[in-house]
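Working notes for the structure below.
The values are calculated or read from the model by the stated rules, or taken from the named source; none is laboratory data. Since this is a predicted model, take the numbers as computed values, not measurements. Reconstructed Cβ throughout: ideal geometry from the backbone, glycine too, with neighbour counts over all protein chains shown.
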Amino acid sequence: MAADNLQAETVAVTAGRPDQPGEPLNVAIHPTSNYLQGGEREYSRGDGTPTIDAFEAAIGALEGGWALAFASGMAAASAVFDQLPRGAIVVVAEGCYQGVAALVDEGAERQGWEVKRVASADTDRWLSLIDIGPDLVWLESPSNPMLEVADVPGICSAAAAAGVTCAVDNTFATPLLQRPLDHGATYSIHSATKFIGGHSDLLGGLVVTADPDRRRSLEQRRLLGGATIGALEAFLALRGLRTLPVRLARSQASAADLAHRLAKHSAITTVRFPGLATDPGYTVAKRTLSGPGAVLSFETTGTPQQVDATLDGLSLIRVATSLGGVESTLERRARLRGQNHVPATLIRLSVGCEHVDDLWRDLSNALDHLPSTEIR
Ligand SMILES: Cc1ncc(COP(=O)(O)O)c(C=O)c1O
């Protein structure tokens, strides 16, 4: 559970470290499936390893609950959805990550779930649907890739008061910008593949809960589903977590800077970033998040084909589908399946730790090839 009296930056660096004389400063990698019988652990699918324990302890301390680490963010999300009964009522953010949206569609088809999709910002609608007693409310804030912001404290506390299970995909905010469990969320979920790992070199996921019964059933899901995080991945994710505060501070500051510069560029029609005063999510983000995060999206002039050709002209920022790494990556999201709600030219940019002036030079050089809004 939460470490008392320490700032999150300190917790990220210290939580889960060995503390006995003679132990290594960092928990070692334990690449084992099997343990000699007679001890606490027998088989690592269910019993984990000391590396997984350390990673979970650190995330649990940051989020204020117990963390369970999974093989990916989708495995973590599945462990929550797998607990729903046939015919469940599921209230889900309309613009949530496409993998989760597909999972929900599959549940509707195979398990007869009744799915109600809500715009993240429509707090009244979330609250009125909580009143009907759904089996699960699933928020994602800020959302991927539209950067929509939900009133996480307001919605989670209403769900808690009504006894409704409420999950928040906290991947974009990270535990440093938002702690959903503090507001009554049942679960906080992460793709550790993104900012927590931070180096685009692992797949991992987390579910965090403060409810001991939920923790036990998640452990059972992980044991039976078998999607336990790997030994190396747990080590890398914990190592990544140690620098999350500095990486995020740097990336977030650069993202804010780039958002302002993009807003003035003649080939940009819209910038979505919760840290921009003109963004529809700005006011709620100010109240609910400790910072706007390090991802922004923007729409451009030109056709999707012109935009793709423009992205080919980048030399520093990598065109790649994932996000949250030390290296900046971007992608035109509508090229993916299941992204019908995403505008055709929308580019999602995950800002890394490079110098912001280098990023801007690369980006603006490429964008200069698109038609200008002034001559459209
Ligand atoms: C917000 C969000 N949640 C969950 C996931 C799924 O995570 P993973 O790719 O680690 O399975 C992603 C992946 O992009 C994501 O962006």
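Here is how the numbers come out for the structure above:
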| read-out | value |
| --- | --- |
| Members of the stretch 198-210 that are within 11 Å of the ligand (Cβ to nearest atom), buried (at least 24 other Cβ atoms within 10 Å of the Cβ) and more than 11 Å from THR171 (Cα to Cα) | GLY204 |
| Test: residue in the stretch 324-347 that is within 16 Å of the ligand (Cβ to nearest atom), under 30 Å from GLY48 (Cβ atoms) and in a loop (DSSP other than H, G, I, E, B) | yes |
| Matching helices (runs of 4 or more DSSP H) fully within the stretch 240-319 where at least 3 residues are of a type outside the set (S, T, N, Q) and within 21 Å of ARG361 (Cβ to Cβ) | 244-263, 304-312 |
| Selection from the stretch 211-231 of residues that are more than 16 Å from the ligand (Cβ to nearest atom) and touching a Ser or Thr at 6+ places or on another chain (Cβ under 9 Å) | ASP211, ARG214, ARG215, LEU218, ALA231 |
| Pairs where the first residue, in the stretch 54-80, is assigned to a strand (DSSP E or B) and the second is basic (Lys, Arg) and within 15 Å of the ligand (Cβ to nearest atom), C-beta under 7 Å, 6+ apart | LEU68/ARG222; PHE70/ARG222 |
| Selection status of VAL149, buried (at least 24 other Cβ atoms within 10 Å of the Cβ), outside the structural domain of ALA249 (by TED's automatic domain parsing), under 19 Å from the mean Cα position of the chain (by Cα) and more than 15 Å from the ligand (Cβ to nearest atom) | no |
| Tabulated pairs, the stretch 18-33, first modelled with pLDDT of 95 or more, second among the charged types (D, E, K, R) and exposed (fewer than 11 other Cβ atoms within 10 Å of the Cβ), C-beta under 7 angstrom, 6+ apart or interchain | none |
| The stretch 264-288 residues that are outside the structural domain of ALA344 (by TED's automatic domain parsing), paired with ones that are outside any loop (DSSP other than H, G, I, E, B) (beta carbon under 6 Å, 6 or more apart) | none |
| Meets criteria (in the same structural domain as LEU136 (by TED's automatic domain parsing), within 16 Å of the ligand (Cβ to nearest atom) and within 19 Å of ALA192 (Cα to Cα)) for ALA54 | no |
| Subset of the stretch 49-105 (residues that are closer than 17 Å to ALA173 by Cα and surrounded by fewer than 19 Cβ atoms within 10 Å (Cβ to Cβ)) | GLY64 |
